[in-house]
Amino acid sequence: MELIKNLKEYTIFKNLFLAILATIILAVSAKIKIPFYPIPMTMQTFVVLFIGLYFGWRLGIFTVGLYIAEGAIGLPVFAGTPEKGVGLVYLVGPTMGYLLGFLFAVFLSGFLKFGNNYILNFFKLIFAVSTIYLSGIIWLAKFTGWEKVFLVGVQPFLLAELFKIILLTILIPKILNFRKTKF
């Protein structure tokens with residue numbers, strides 16, 4: 001009985017450690033801008049999908065929720081912070097829908113079954129990342145209007161997302177194999 005209690009405590013601490021580590025990686029991915037056309041890209045959406053794939057949907061949602069909570073309390077974890085503000089002021093700004101969309105995307109990338117079929121994996125990732133943009137433009141439209149929301153909130157990011165999804169599609173078999181052996 002004591003062994004089961006210790007094992008549960010170990011699992012809780014291990015998962016908490018992994019979640020905190022992943023929020024740090026997610027914050028770093030938000031800060032690094034990689035030259036890309038037509039605008040520089042971050043690797044945030046890549047990391048969100050990776051977290052879901054590697055952790056599964058439960059720990060993935062906890063991790064992304066923790067990341068959003070860190071930003072809400074004022075830690076400069078989001079892209080554009082602290083320059084564009086921090087905390088709730090930043091969170092309820094134009095990017096809030098995208099940040100909340102991270103929760104949908106991490107859930108789908110952790111819940112959907114991925115395997116060795118690259119084409120199916122690619123379309124599942126497209127579906128997962130689309131929830132970020134759908135949630136994002138619904139909120140962003142309050143700031144830009146529906147006429148401009150696609151041009152401002154989706155179109156500039158399409159090539160970068162395609163690149164990240166192709167990269168992740170190629171890596172999925174390795175991620176799943178590593179997850180089976182280590183997690």
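The values are calculated or read from the model by the stated rules, or taken from the named source; none is laboratory data. These numbers were taken from a predicted model, which means no experiment stands behind them. Positions of Cβ are generated from backbone atoms using ideal geometry, with glycine treated the same way; all protein chains shown enter the neighbour counts.
Structure above, values below:
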item	result
Counted residues, the stretch 67-76 - those being assigned to a helix (DSSP H, G or I) and surrounded by fewer than 16 Cβ atoms within 10 Å (Cβ to Cβ)	1
All positions within the stretch 34-79 that are in contact with a strand residue (DSSP E or B) (Cβ under 9 Å, 6 or more places away or on another chain) and under 21 Å from residue 175 (Cβ atoms)	34, 41, 42, 43
Leading residue by the ranking (modelled with the highest pLDDT) among those in the stretch 136-183 that are under 24 Å from residue 40 (Cα atoms) and of a type in the set (S, T, N, Q)	169
When residues of the stretch 77-102 are limited to those that are aliphatic (A, V, I, L, M) and part of a helix (DSSP H, G or I), the one nearest to residue 144 (Cα to Cα)	96
Selection status of residue 181, exposed (fewer than 14 other Cβ atoms within 10 Å of the Cβ), hydroxyl-bearing (Ser, Thr, Tyr) and in a helix (DSSP H, G or I)	yes
Which listed residue is in contact (Cβ under 8 Å) with a residue 12 or more places away in the chain and within 13 Å of the chain's Cα centre (by Cα), from 100, 140	100
Matching residues in the stretch 108-126 - criterion: being assigned to a loop (DSSP other than H, G, I, E, B) and in contact with a Gly (Cβ under 9 Å, 6 or more places away or on another chain)	112
Residue match in the stretch 45-56 (condition: touching a residue at least 40 places away in the same chain (Cβ under 8 Å), surrounded by fewer than 18 Cβ atoms within 10 Å (Cβ to Cβ), closer than 29 Å to residue 159 by Cα and small (Gly, Ala, Ser))	yes
Leading residue by the ranking (nearest to residue 123 (Cα to Cα)) among those in the stretch 32-54 that are at pLDDT below 95 and either acidic (Asp, Glu) or not in a loop (DSSP other than H, G, I, E, B) (or both)	41
Where residue 105 falls short, out of the listed (1) in a helix (DSSP H, G or I); (2) without any contact (Cβ under 8 Å) to a residue 40 or more places away in the chain; (3) closer than 21 Å to residue 53 by Cβ	(2)
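To keep it simple, each residue is scored yes or no on (1) closer than 16 Å to residue 44 by Cα; (2) buried (at least 16 other Cβ atoms within 10 Å of the Cβ); (3) aromatic (Phe, Trp, Tyr); (4) in contact with a Pro (Cβ under 7 Å, 6 or more places away or on another chain).
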residue: 88; (1), (2), (3), (4): no, no, no, no
residue: 98; (1), (2), (3), (4): yes, yes, yes, no
residue: 103; (1), (2), (3), (4): yes, yes, no, no
residue: 109; (1), (2), (3), (4): yes, yes, no, no
residue: 112; (1), (2), (3), (4): no, yes, no, no
residue: 125; (1), (2), (3), (4): yes, yes, no, no
residue: 132; (1), (2), (3), (4): yes, yes, no, no
